[in-house]
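Okay, so here's the structure we're looking at.
The values are calculated or read from the model by the stated rules, or taken from the named source; none is laboratory data. Here the structure is a predicted model, which is why all the values come from computation and not from measurement. Note that each Cβ is placed from the backbone with ideal geometry, even for glycine, and that neighbours are counted across all protein chains shown. When the accessible area is computed, the model is the full protein with side chains, heavy atoms only, and any ligands, DNA or RNA have been set aside. Shrake-Rupley method; radii C 1.70, N 1.55, O 1.52, S 1.80 Å.
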Amino acid sequence: MTPFNSLALLCVTLVLFGNATMLKAVKQVFLSSGLQTPQFTTPEKQPQDYEVRTYEAAKWVSTTVNGTSLDESRRTGFRRLFKYIQGDNADKVKVEMTAPVTCRVDPGDGPACETRFTVSFFVPEEHRDAPPSPSDSDVFVEPRDSFTAYVRTYGGFSNETLARGELLQLAESLRRDGVPFAERPYYVAGYDSPFKLVNRRNEVWLVHQKEPTDT
């Protein structure tokens with residue numbers, strides 16, 4: 001069934017049997033709306049072609065995949081984490097989907113070496129203090145300290161080639177502005193269900209490189 005046919009079927013269902021819970025689920029799947037996101041602050045004045053965000057400390061549920069393909073590794077990681085939020089955890093509870101899905105990329109040394117991809121879902125507010133323990137040994141809860149990221153946003157259906165091009169443009173902008181940043185690791189972030197066809201939102205992040213005087 002195509003996304004268009006699936007959407008039509010759900011719309012008919014909503015008309016006949018609609019309720020608030022079902023409407024929320026449809027919005028989340030097809031419109032990527034109503035999803036909790038991590039909190040961050042921004043400076044009053046932003047650069048023209050990227051954004052500066054300082055994320056608050058938060059917990060994420062993560063899984064690591066070693067491989068050579070960003071796209072395939074993200075799919076593998078997503079499947080593991082989706083099982084976790086669907087109840088494959090020690091408490092057998094469902095956890096709401098959040099955004100974005102991030103992928104930390106730690107490139108391997110050399111052209112043929114494996115890269116370490118860490119795919120993560122933000123833990124929503126209601127589970128912040130005590131996230132359900134994962135049942136899968138490949139899934140873990142990861143506390144992240146506050147950090148500053150430089151973010152470039154782009155649309156469409158992202159893939160490894162597009163993400164790499166956007167990352168190179170972001171790095172060029174930061175060098176132009178004399179901004180200290182770490183070239184690795186970097187992050188790729190996505191906000192949308194594959195069923196969402198328009199107004200899609202993707203990001204690449206480079207992290208602030210702390211100077212010796214930074215705390």
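Residues of the range 32-57 falling in the label zone of E96, defined by backbone nitrogen less than 14 Å from a point 7 Å along Cα to beta-carbon, are 32-39.
Which trypsin sites (Lys or Arg not before Pro) in the range 158-214 sit in a loop by DSSP (not H, G, I, E or B) and have at most 15 other Cβ atoms within 10 Å of their own Cβ?
Values: sites: R164, R175, R176, K196, R200, R201, K210; in loops: K196, R200, R201, K210.
Taking the range 158-214 and a limit of 15 other Cβ atoms within 10 Å, the loop trypsin sites (Lys or Arg not before Pro) found are K210.
With 0.36 nm allotted per residue and the present C-alpha distance subtracted, the F82-T54 stretch has 7.4 nm of extension available.
Here the accessible area of the range 105-215 is 50 percent carbon and sulfur, with a 1.4 angstrom probe and all protein chains present.
Look at the dipole of the range 52-147 built from charges on Cβ: of V65, Y55, V95, the Cα furthest out on the positive end belongs to V95.
Across all Cα atoms of the range 56-198, the radius of gyration (one decimal) and Dmax (whole number) stand at 15.9, 50 Å. Using the 1.4 Å probe convention, the accessible area of the range 59-105 works out to 45 Å² per residue with neighbouring protein chains retained.
Ordering S146, S193 by accessible area with a probe of 1.4 Å, largest first, what comes out?
The ordering from most to least exposed comes out as S146, S193.
Counted residue by residue at 0.36 nm each, then reduced by the alpha carbon distance between them, the extension gain from N159 to D136 reaches 5.6 nm.
A simple spin-label model places the labels of R176 and N66 3.9 nm from each other, with each point 7 Å out along Cα-to-Cβ.
Quotient of the Cα radius of gyration of the range 125-213 and 2.2 N^0.38 Å, N being its number of residues: 1.34. Looking at the range 46-88, none of the chymotrypsin sites (Phe, Trp or Tyr not before Pro) sits in a DSSP loop with at most 15 other Cβ atoms within 10 Å of its own Cβ.
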